[in-house]
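Structure first, commentary second.
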There are 2 protein chains.
Amino acid sequence: MSDGIDPETRARVALAVRNALADHGYERLTTAKIADEYEKSEAGLYYHFDTKDEMIAAFLEFSTGRLGEALADLDTDDPERRLRAACEHLFLSPGDEAAGVHVGVMELLSHAPHNETLREPLRALEGATLETLTAIVRDGVERGVFRPVDPRATAAFLLAAGDGSTGFHVALQMDVGEDLRTAWSAYVDSLLAE
Amino acid sequence: MSDGIDPETRARVALAVRNALADHGYERLTTAKIADEYEKSEAGLYYHFDTKDEMIAAFLEFSTGRLGEALADLDTDDPERRLRAACEHLFLSPGDEAAGVHVGVMELLSHAPHNETLREPLRALEGATLETLTAIVRDGVERGVFRPVDPRATAAFLLAAGDGSTGFHVALQMDVGEDLRTAWSAYVDSLLAE
């Protein structure tokens, strides 16, 4: 079980899972490949985690709320700037550093209906991102920066579009990068109050 | 190889793959499970296809262009009605008939970076859907039903949002169904000319 592990070990395991998942995907991921990234023996990892899925759950828990933290680093409370910055995190290109991780998380999402170990951490991850986006839109509406749109619906649409870009843009490398940037930029423009 | 198979056999194999993929997902899919759906022996399938992935490729090829065919059945050339109908096909709910297939295709997309057999048929499938949506938006712009938006960017955004709804809405069953409907409806509204 992953309870009671010290934060540094947890962070190192999460990073190891992140790198291994990005390189190999979920199906071909093994604890041995995670251990290669962790630079400790597989037995060392098993001291903390019983299964590959528990290691992945630890990575998902570690990743939850990262969008909010990344936006806090922006050091601005301007809703428009924060929403555009959030979109930069959601809509990746095939060569981006986190591209492989996004594809890996998409694969994990496809296993959620059959995999209880992954389902709740994935819900927490997606829920935190949705909440971060919703808060930005709500703040923008309340301050009159955005039109009186539905904050959660707007946030859900952007999250859906960002997640979905991972398939045909990042994984398939279809030539839609400029199209998607044009579209999400226009969507944010459309939220602005007159 | 799947070349030279008669259309009826091809359709039956595609339907068998569709059902088996929806029930089991890609990783746990076996040719035996496809054969169960096909109601012929596994050996019979191997007469036509060398591998599981070739059977899946045949399913993807069979599915390519289906959105366009479904919209043709609408018997209307009104761009707004056609775009809203397309959105009904793109944004599914967990209980919908095709929900499992959408999750299965999302899993296939996550394998595209590592799997050459699946990559091209997936590109063709996503490309055909993108083209159908683009044609509707372009027609709407040309006829003055829609504002002069960028047809391909608008289409890519809707395709991304529909694909991405498969993860957190369909697979995770998060409570965002109404939010997504509100948002895509408002997005189509926003395309309408004044």
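Among the residues of the range B:71-93 satisfying the criterion of being crowded, with 19+ Cβ neighbours inside 10 Å and out of contact with any Phe, Trp or Tyr (no Cβ under 9 Å at 6 or more places or on another chain), which is nearest to residue B:193 (Cα to Cα)?
Only one residue fits best here, namely B:82.
Can you pull out the residues in the range A:148-180 that are open to solvent by 10 Å² or more (accessible area, probe 1.4 Å) and over 24 Å from residue A:127 (Cα atoms)?
Residues satisfying the conditions are A:173, A:174, A:175, A:177, A:178, A:179.
Looking at the range A:160-188 only, could you name the residues that are facing chain B (nearest Cβ under 7 Å), in contact (Cβ under 8 Å) with a residue 12 or more places away in the chain and either closer than 20 Å to residue B:104 by Cβ or in contact with a Leu (Cβ under 6 Å, 6 or more places away or on another chain) (or both)?
A:162, A:163, A:165, A:167, A:171
What number goes with the only condition from (1) assigned to a loop (DSSP other than H, G, I, E, B); (2) away from every other protein chain (no Cβ under 14 Å) that residue A:82 does not pass?
(1)
Inside the range A:111-147, can you point out the residues that are among the polar types (S, T, N, Q) and open to solvent by 10 Å² or more (accessible area, probe 1.4 Å)?
A:115, A:117, A:129, A:132 - these are the residues of the range A:111-147 that are among the polar types (S, T, N, Q) and open to solvent by 10 Å² or more (accessible area, probe 1.4 Å).
So which residues in the range B:12-32 are open to solvent by 20 Å² or more (accessible area, probe 1.4 Å) and among the β-branched types (Val, Ile, Thr), if there are any at all?
Scanning the range B:12-32 gives a single hit, B:30.
When the residues of the range B:33-43 are narrowed to those that are surrounded by 13 or more Cβ atoms within 10 Å (Cβ to Cβ) and either more than 14 Å from chain A (Cβ to nearest Cβ) or hydrophobic (A, V, I, L, M, F, W, C) (or both), which ends up nearest to residue B:110 (Cα to Cα)?
B:34
The values are calculated or read from the model by the stated rules, or taken from the named source; none is laboratory data. All values reported here derive from a predicted model rather than from experimental measurement. A quick note on method: Cβ atoms are made from the backbone with ideal geometry, for glycine too, and the neighbour counts reach across all protein chains shown. Areas reflect the complete protein model, heavy atoms only, side chains present, ligands, DNA and RNA absent. Shrake-Rupley method; radii C 1.70, N 1.55, O 1.52, S 1.80 Å.
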